[in-house]
Amino acid sequence: MANVVGQRVRRREDPRFLTGKGQYVDDLQPEGALYVTFVRSPWAHAKITSIDTSAAAELPDTQVFAAADVELAVSPAPPFIGVDERMFRPFLASQKVRFAGDIVAVVLSGSRASSVDAAELVAVEYEPLPAVIDIEEAARDEVLLFEDVGTNICLERPLEPDEHLFDGCDIVTSGSIFSQRLAACPVEPRASIGQFEDGKLTMWLSTQTPHQDKMVLGLMLGLEPDQVRVVGPDVGGGFGGKGLSVEDVLIAYLARETGRTLRWTETRTENLIAMHQGRAQRIAFEIGGTQDGVITAMRWRILQDAGAYPGIGSFLANLTALMASGVYQIPKIEIGVQAVVTTTTPTGPVRGAGRPEATQALERGIDMFAADCGLDPAEVRHRNFIPKDAFPHQTAAGAHYDCGDYAGALELALKSADYDGLRAEQSRRRQTGTAKQLGVGLSTYVEVTNGINETEFGAVEITSDGGAIVKTGSQTQGQGHETTFAMIVADRLGIPVEKITVIKGDTDQVARGTGTYGSKSTQIGGAAAAQASEDVVAAAKRLAADELEANPEDMVLDLERGQFHVTGAPEPALSWSDLASRLETKGLLEELAKEADFTAAQPTFPFGAHVAVVEVDTETGAVELQRLVAVDDAGIIINPLVADGQVHGGVVAGIAQALFEELTYDEDGNPQNSSLVTYGFPSARELPSLERIEMVTPTPINALGAKGIGESGTIGATPAVHNAVLDALSPYGIRHIDMPVNGERVWRAIRDAGHT
């Protein structure tokens, strides 16, 4: 089988998912397991004056652990962040809680119900303290979460402003955008099973990163690598939210301490208040340029909410800063970054992880700058694009772009959307004064994937029946790796996709790996599998030559037939099954097993352009998204069907941030969205059919020519929809509304502008 790459191959995973045969952590039924319930603080900020676990501990087959019973001290932030260790999160709070959901005790019991009942009997006395939920208020250090640190600022890249930055500018546009706090909200919440037997810890986790989890668990518990096994079965969505959590480490520790198998599946309320949350970032911007729309300078001040305990969430503003220049040639850029702690759920990566925020601020700023210049926003974008022939390109913000055709992407999107026709219809509606006004929003973006040049593992081995096994360190959470990786290998071996098995997610079966996040799986995991495949072919040619008594240099692999023969002489030939059978008889089959580790020379930078069309009812504020045209260029696409699914999911997530989703807290730090009744994400009913337009610009960074695509739709869609709503409202003098731009906010903005 040759040239399977690029074909629309149905996902081989889907039959088991669609028929309910997927195997998730909560489906596993270990014998004699105790159920875990975490006792969580109802207060956002309070001193703990006492914890009494005696009533709960008296229940049959029940054990209760507070901080004094656990030797684990704190969960350190990744070392590259540089956070003060006094801000590290305790596994169990003992003196103070810092967000509603902080863990103060752990209950183990024989059933899920009895575990919950026992948790209700744990008596905790609190002395409430003032909450601080606003990031700008937190930065003033009037309410401190960590008194011994003396500040809420946990990360800072100071801005040293150049007073001459905007010299010579005809226009300087200023504004601010808040990328609101979001939930990853996977269909499957977090789940863990921990077992310690015969000196070995086995953890079954709903995770994106099995091998990283294995490493951290070993470090936390003082175990050697061969004493830890992590198994990631089917995972019902991750979106950045499913790395190793404090809950997972506590379960591993207590499984070892008690000698019992422990299991935990969080409730949806736990998921919404305790899993790390995304975005929560404010960017104040100034954009300067000429009257004819050429941008010459830009300044950003980024303020990131890290939540109660700074981890990766505090670092993500650095990715925002890296992508500040976007698709534009901006010669002078200044950026300051601060991250602060607040009495809210800790933040972390959620689909896009710092990059959506950059595009949201930049694309909103471009529209405002265009308005100040009196120019069409599409024209201003064209006047500032990095040219197609300028790659590789180093931006003033420090990003090193591999390749792109930004003008081409926008032109394709505008043509597909009939931009001129949309503007004509908009003009007609404005002239007639109809209540339902049309808004057209643009977004042209670039993002970074595999941003820190990570390495991924791949291995390929030929089986005795002439099939193949692929092992990958990448971990799928719905992206279709089992299909995509099989296609990559099939294309190089000439073995049918259905005869290729993909193994992932088990650290005892896969030697190493980094996992899946940052849209990097195909470009490094797929590249590693491709390299291993090519090494297998090279070995097979040598071995087939021995069998056919030919010169190895004369051997070729006919990919269409899956057979080896001498160049120019199709017969005699050996199929993979023929060769494998002969080698197995001689004890040489293991020579057709190869491993590879692929490290990219640099990240890749997918790009694209989105056009959103909305109708806004200016009497009620109601917003209806009518069209979303998406051009997303991720280089060579292995399986267009899989890529379509990734873009569709990403676009929906992007639309959701613009119009629907938001996690909020009241002034006391109480979460206001602890169920799916109050956390609103859209259903298919609220969404138009996505119009996806293909565009392919291969990257030179890997042999596949592939970039990441998992987050592209999310990054492009949000500012397009946001801009569209504000475009519809521009005749009313409304320049900005914070997201989500839902009916209430739109109605209030119109009222405040004096038009109701």
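The values are calculated or read from the model by the stated rules, or taken from the named source; none is laboratory data. Worth saying up front: this structure is predicted, and the values here are computed from it rather than measured. Cβ sites come from the backbone with ideal geometry, for glycine too, and all protein chains shown count toward neighbours. Protein only, heavy atoms only, side chains kept; ligands, DNA and RNA dropped before computing areas. Shrake-Rupley method; radii C 1.70, N 1.55, O 1.52, S 1.80 Å.
Quick notes on this structure:
- Relative contact order of the chain, defined on C-alpha pairs under 8 angstrom at six or more residues apart (%): 16
- With DNA, RNA and ligands ignored, accessible area of residue 16 (1.4 Å probe; Å², nearest 10): 60
- In the context of the full set of protein chains, segment 398-452 has a per residue accessible area of 37 Å² (1.4 Å probe).
- Computed with every protein chain present, the accessible area of residue 256 is close to 70 Å² [probe 1.4 Å].
- Extension gain from residue 291 to residue 434, taking 0.36 nm per residue of separation minus the Cα-Cα distance: 48.2 nm
- Note on residue 69 and residue 140: with the Förster distance fixed at 60 Å, the Cβ-Cβ geometry gives a FRET efficiency of about 0.95.
- Cα centroid separation - segment 619-638 against segment 477-547, whole Å: 33
- Mean projected area in nm² (Cα convex hull; one quarter of hull surface) for the chain: 34.9
- Summed residue charge, Cβ within 12 Å of residue 536's Cβ, Lys/Arg positive, Asp/Glu negative: -2
- Taking only protein heavy atoms and a 1.4 Å probe, the accessible area of segment 1-157 is 49% carbon and sulfur.
- Restraint check, 541/594; 21/214; 96/242; 242/499; 21/707; 21/504, Cα-Cα greater than 23 Å: 21/214; 96/242; 242/499; 21/707
- A 1.4 Å probe run over the protein chains yields, for segment 165-295, 30 Å² of accessible area per residue, whole-number rounding.
- Share of carbon and sulfur in the accessible heavy-atom surface of segment 610-756 [1.4 Å probe, %]: 50
- The order of 174, 712, 111 by accessible area, most exposed first and with a 1.4 Å probe, is 174, 111, 712.
- Under-5 Å amide H pairs with residue 520, H placed in peptide plane, nonlocal only: 450
- Segment 605-756, accessible area per residue, ligands and nucleic acids excluded (1.4 Å, Å²): 35
- Note on surface exposure: 393, 610, 648, 382 rank 648, 382, 393, 610 by accessible area, highest first, 1.4 Å probe.
- Heavy-atom accessible area, probed at 1.4 angstrom with all protein chains present, ranks 173, 567, 37 as 567, 37, 173, highest first.
- Using a probe radius of 1.4 angstrom, the carbon and sulfur fraction of the accessible surface of segment 293-445 is 52%.
- Charge context of residue 552, other residues only, Cβ under 9 angstrom, K/R +1, D/E -1: -1
- Kyte-Doolittle mean at least 0.0, axial Cα span of 30 Å or more - DSSP H helices of the chain: 527-548
- Calculation over all alpha carbon pairs of segment 87-224 in 5 angstrom steps from 0 returns a P(r) of 2, 6, 9, 12, 14, 15, 14, 11, 6, 5, 3, 2, 2, 1, 0 percent.
- Antiparallel bridge percentage (DSSP; both residues within the chain; nearest 5): 80
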